[in-house]
Amino acid sequence: MALPQNKQAVLKLLDILEPRILGQEQKGFSCGCGAVHCDDAVAVEIIPSGNRYPGQETKWYLWSVNMEAKNGGSGWSCDLSFFIDPKELVSLLKQFFEDADK
């Protein structure tokens, strides 16, 4: 859970981010040998980093997006920058958190 003083900001950010990210697709990928891979997937949930470590919700690069495999294979997760440019993420979080990373 986010720090109490940041909880409302996290909820407002989710209201902004979820329509832009959830339902979006990403291609799967594999390592050079092809043995480790992730299937094509759809964004199903955004996890603010403060849920695990309160206070880290001000760091966009610690938020994650849960991806559900389209063909029933292995799901995976990624950060917000798979969907939104980091410069925009910095600007967005600065609107809500005065101590957001630059």
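Pull up the range 22-77, narrow it to residues that are touching a residue at least 12 places away in the same chain (Cβ under 8 Å), hydroxyl-bearing (Ser, Thr, Tyr) and part of a strand (DSSP E or B), then point me to the one that is farthest from Phe97 (Cα to Cα).
Ser77
Between Gly72, Gly23, which is at pLDDT 95 or above and at positive phi? Steps first, please.
Numbers: Gly72 fails: at pLDDT 95 or above.
Criteria check complete, one pass: Gly23.
Any residue that is in contact with a helix residue (DSSP H, G or I) (Cβ under 8 Å, 6 or more places away or on another chain), closer than 13 Å to Phe82 by Cβ and not basic (Lys, Arg) - is there at least one of those in the range 22-30?
Quick first cut of the range 22-30, residues in contact with a helix residue (DSSP H, G or I) (Cβ under 8 Å, 6 or more places away or on another chain) only: 26.
Those left that are additionally closer than 13 Å to Phe82 by Cβ: 26.
The next check asks that each one be not basic (Lys, Arg); those that pass are 26.
Yes, because at least one residue in the range 22-30 is in contact with a helix residue (DSSP H, G or I) (Cβ under 8 Å, 6 or more places away or on another chain), closer than 13 Å to Phe82 by Cβ and not basic (Lys, Arg).
Please go through (1) in contact (Cβ under 8 Å) with a residue 24 or more places away in the chain; (2) part of a loop (DSSP other than H, G, I, E, B); (3) under 19 Å from Leu3 (Cβ atoms) for Glu98 and return the number of the only condition it doesn't satisfy.
With (1) in contact (Cβ under 8 Å) with a residue 24 or more places away in the chain; (2) part of a loop (DSSP other than H, G, I, E, B); (3) under 19 Å from Leu3 (Cβ atoms) applied to Glu98, the lone miss is (1).
Only one of Ile46, Ile16 is on the phi < 0 side of the Ramachandran plot, under 10 Å from the mean Cα position of the chain (by Cα) and among the aliphatic types (A, V, I, L, M). Can you tell me which? Explain how you work it out, then say what you get.
Values: Ile16 fails: under 10 Å from the mean Cα position of the chain (by Cα).
Unique residue meeting the criteria: Ile46.
Of everything in the range 40-62, what is surrounded by 17 or more Cβ atoms within 10 Å (Cβ to Cβ), at pLDDT below 95 and in contact with a strand residue (DSSP E or B) (Cβ under 7 Å, 6 or more places away or on another chain)? Give them in sequence order.
If the condition is that a residue be surrounded by 17 or more Cβ atoms within 10 Å (Cβ to Cβ), at pLDDT below 95 and in contact with a strand residue (DSSP E or B) (Cβ under 7 Å, 6 or more places away or on another chain), then Ala41 is the only one that fits.
The values are calculated or read from the model by the stated rules, or taken from the named source; none is laboratory data. Values in this document were obtained by computation on a predicted structure and should not be read as measured data. Virtual Cβ from ideal backbone geometry, glycine too; neighbours counted across all protein chains shown.
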